[in-house]
Amino acid sequence: WMALFLIAFTAAGVLGCLHFAWARGGRSLWTRRGFLAAGAATLVIALFAGPKYREYHFAERVVLISDMTAVRSGPGVKFNELERFRAGTILTRLPYDDGAWTEVRLPDGRKGFVENSAVERL
């Protein structure tokens, strides 16, 4: 997504410069249309690239330090166990943290909760 964004952004910049440079010539119609199309493509691609970029570079991660750690469907031992993971597994940390449980995103996209004693923030 980032490569497509950079290509569309560059194309919009080049076509925009050409359009303003040739504003009085006969070529301004195709440069204006190209500039608008590349600008619209840049915005649409940014809607997809932005969240992915943010998640990849700025999401907090946690590593499981206990072997066969249970990830539960809610913050407590009474909730169903979704899956178990080995020590060293890295998961994405979500905002919920009540002091005893941390919300995480599993590799398949589901949300779950892990005891704070079983994780360490990276």
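Only the coordinates and a few stated rules stand behind these numbers; no lab work does. Fair warning: this is a prediction, and the values are worked out from it, not measured in the lab. Positions of Cβ are backbone-derived with ideal geometry, glycine not excepted, and every protein chain shown enters the neighbour counts.
Comparing VAL104, VAL62, VAL44 in a Gaussian network model of the chain (Cα springs below 10 Å), the most mobile by mean-square fluctuation is VAL44.
Report the paramagnetic label zone for VAL44: residues of segment 4-22 whose backbone N is under 20 Å from a point 7 Å from Cα along the Cα-to-Cβ axis. Once the point is set 7 Å along Cα→Cβ of VAL44, 4-16 turn out to lie under 20 Å by backbone N, inside segment 4-22. Once you list every other residue whose beta carbon is under 14 Å from the beta carbon of ALA12, what net charge do they have if Lys and Arg are +1 and Asp and Glu are -1? Neighbour charge sum, excluding ALA12 itself: +2.
Using a simple spin-label model with pseudo-atoms 7 Å out from Cα toward Cβ, LEU82 and ALA3 lie 3.2 nm apart. For the chain, the relative contact order is 21 percent, taking Cα pairs closer than 8 Å that sit 6 or more residues apart in sequence and dividing their mean separation by the residue count. Scaled against 2.2 N^0.38 Å for its residue count N, the alpha carbon radius of gyration of the chain is 1.71. Axis of helix 28-58 versus longest Cα principal axis of the chain: the two differ by about 10°, to the nearest ten degrees. To the nearest ten degrees, helix 2-21 and the longest principal axis of the Cα atoms of the chain are 20 degrees apart.
According to the calculation over all Cα-Cα pairs in segment 74-122, the P(r) per 5 Å bin from zero is 5, 21, 37, 28, 9, 0 %.
Computed over the Cα atoms of segment 18-83, pair by distinct pair, the Kirkwood hydrodynamic radius stands at 16.9 angstrom. Of the residues GLY112, THR31, THR89, the one whose Cα sits farthest toward the positive end of the charge dipole of the chain, with +1 on the Cβ of Lys and Arg and -1 on the Cβ of Asp and Glu, is THR31. Working from label points 7 Å from Cα in the Cα-to-Cβ sense, the THR92 to LYS52 distance is 1.2 nm.
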